[in-house]
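K.L.:
One structure coming up, written as structure tokens, with questions to follow.
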Amino acid sequence: MLTRAPYLIGIDAGTSVIKAVLFTREGQEVQAMAEKIPVISTAQHTAEQDMDLVWQAVKYAVKNLLIYAGIEPDWIVAIGVTGQGDGCWLIDEEGRPVRPAILWSDGRAAEIINKWQEQGITKEAWKINGAVLFPGTQAPILQWLQVHEPETLSKARWSLYCKDWIAFNLTGKVATDETDASRQFFDINRRCYSEHLVDIFGLRDYRHLLPEILPSNSIRGYLQPEPAREMGLTAGVPVVAGPFDVVACALGLGCVEERSAFTILGTCIFNGVTLEAPFIGQEAGMNICHGLPERWLLGMPLMSGTPNLDWFIENLGYKFLRQAETSKVNIYSRLDELIARVPVGSGGIIYHPYISPAGERAPFVKTSARAQFIGLSLLNNTEHLLRAVYEGLAYAIRDCFNEVLDKIGEIRLCGGGARSQVWPQIIADVTGKPVSIAKGTEFGAKGAALNAGVAVGMYGSLLEATRKAVSFDRQYLPDGQRRKKYDALYNVYRLIRETMFPVWDALQAATLFTSSATN
């Protein structure tokens, strides 16, 4: 039975699951509730969500959280909200959705990105914003809607992000924070909207859709009576909306000091490192405002992470599923056993994990990029292919960190993949960096909750909050011999993917031709 104390609620609205998590002042996860939400695909390369369903899931998760935790409503001192980034969540003047949300994983605007690349717009935008554009970002989505659904934009009053939609329903306040805003129309040197970016994206007529930008650690508003009643909370609780999920994970892992790095092994494998200034190196990834005003987060997110493994299990892993079922073990525990038996290099097979229909966005932007196994022979089996997927994702992580690898001391892991006992060691060996696994599981919700705690004065700063609330479970050190082998294999991985650029383009063109010819 819990005793009376100040508690924080962290809400993390992911792509497929909404989570509400209760935390103590010390960062302990007391209770977590989750509600699944479907991703709707109405046509090829599309990914949408019912915005009302997302809001309903938030209410159910919070209500059940309080019931199962057995706490009184007035013990909650603040609510922190985070959620999936990018995408386009449009509402009208009355605050109602004008269409389903278009998600970050949506690929319909690939044609817009390709056109902007040819016209040099993406390169010009990079100089101002320091963040690459891909089909699931808001600017190309709005441009796509302008061409294909102008009636939708004529009804819209605000273009929000996921966490902002939730915060609006909690508080009635329309706004966004610096982390989400810095992904799109942002001038990273002036930390505000760039009117020039609005113009070169051809969206001047829709400038009014962009909401006010607030600091990530500011109180967005206060819980309104109706949602408070529906969730079993007390009206007037402070609500802090921000940062968006990957930055919230950085906070939940304690990555607030310069050069602290992390990787989220989830649906999207997000690789990030905290810096004191934007890093304008290769034209890839994104410079994002950190939760701290004097910090930046250099993010290198793969379009697809664990879906590579899901695809493998679904299509090639039937015997592994059957073995796990027979042995009465979790499928991923069984996969750990299998990949641990396969030597470094997967029998000469290299896998590139570009399985998203939208292509890839880091460490390069290529809408035609596709996944592939290279090096198959009659000597290989499905266990080799399986380990190749794990290694391929580790190569991709190194590829993303490559330009700043010498600045990184260790990599902190979270996400479902961090529960593996083998994959973190592969990542340590491939990158040559120690890999640490933090205690806990809900780091996005934790980062949002800690940020809210700072906003209401529970902690003096984010640095103080993370030092009090973040601790680690285990660490994996790179092995020198395996690192040498992986260095050679990584060079081959890079050579193959660079060679494949024209091949992917030709394959995309041929696929489009055969598809149109069939129709």
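K.L.:
Tell me the label-point distance for the pair CYS192, LEU53, using the 7 Å Cα-to-Cβ offset, in nm and rounded to one decimal.
P.N.:
The modelled label-to-label distance comes out at 4.0 nm.
K.L.:
If R0 is 51 Å, what FRET efficiency do you get for GLU337 and GLU226 from their C-beta distance, rounded to 0.05?
P.N.:
0.50
K.L.:
Extending each Cα 7 Å along its Cβ direction at ALA5 and ASP406, get the distance between those two points in nm, one decimal.
P.N.:
Output for this residue pair reads 4.6 nm.
K.L.:
Please identify every one of the GluC sites (Glu not before Pro) in region 14-65 that sits in a loop by DSSP and has no more than 16 other beta carbons within 10 Å of its own beta carbon.
P.N.:
Listed in order of number, the matching sites are GLU26.
K.L.:
Count charges around TYR493 for me, please; just the other residues with Cβ under 13 Å from its Cβ, Lys/Arg as +1, Asp/Glu as -1.
P.N.:
Net charge in that neighbourhood comes out at 0.
K.L.:
With +1 on each Lys and Arg Cβ and -1 on each Asp and Glu Cβ, how big is the dipole of the chain about its Cα centre, in debye rounded to the nearest 20?
P.N.:
1100
K.L.:
Based on the Cβ-Cβ distance from GLU118 to ILE374, what FRET efficiency comes out when R0 is 30 Å, to the nearest 0.05?
P.N.:
After rounding, the FRET efficiency stands at 0.55.
K.L.:
Continuing with the same structure: Tell me which chymotrypsin sites (Phe, Trp or Tyr not before Pro) from region 384-471 have a DSSP coil assignment and no more than 14 other beta carbons within 10 Å of their own. Show your work: numbers first, answer last.
P.N.:
On the way: sites: TYR390, TYR395, PHE401, PHE443, TYR459; in loops: TYR459.
Taking region 384-471 and a limit of 14 other Cβ atoms within 10 Å, no loop chymotrypsin sites (Phe, Trp or Tyr not before Pro) are found.
K.L.:
Let me ask you something else. If the limit is 23 Å between Cα atoms, which of LYS63/LYS155; LYS163/LYS446; LYS19/LYS407 go over it?
P.N.:
Beyond 23 Å between Cα atoms: LYS63/LYS155; LYS19/LYS407.
K.L.:
If one computes the Cα centroid of region 358-393 and of region 275-305, what distance in Å separates the two points?
P.N.:
First find each Cα centre; the distance between them is then 25 Å.
K.L.:
I'd like to compare 258-269, 444-455: which one has the highest average count of other Cβ atoms within 10 Å, and what's the full order after that?
P.N.:
444-455, 258-269
K.L.:
Ranked from highest to lowest mean number of other Cβ atoms within 10 Å per residue, what is the order of the peptides 165-178, 331-344?
P.N.:
Details: 165-178: 23.4, 331-344: 16.3.
My ranking of the peptides, most packed first, is 165-178, 331-344.
No lab work stands behind these numbers, since they all come straight from the coordinates. Nothing here was measured: the structure is a model prediction, and the numbers come from that model. FYI the Cβ positions are ideal-geometry reconstructions off the backbone, even for glycines, and counts take in every protein chain you see.
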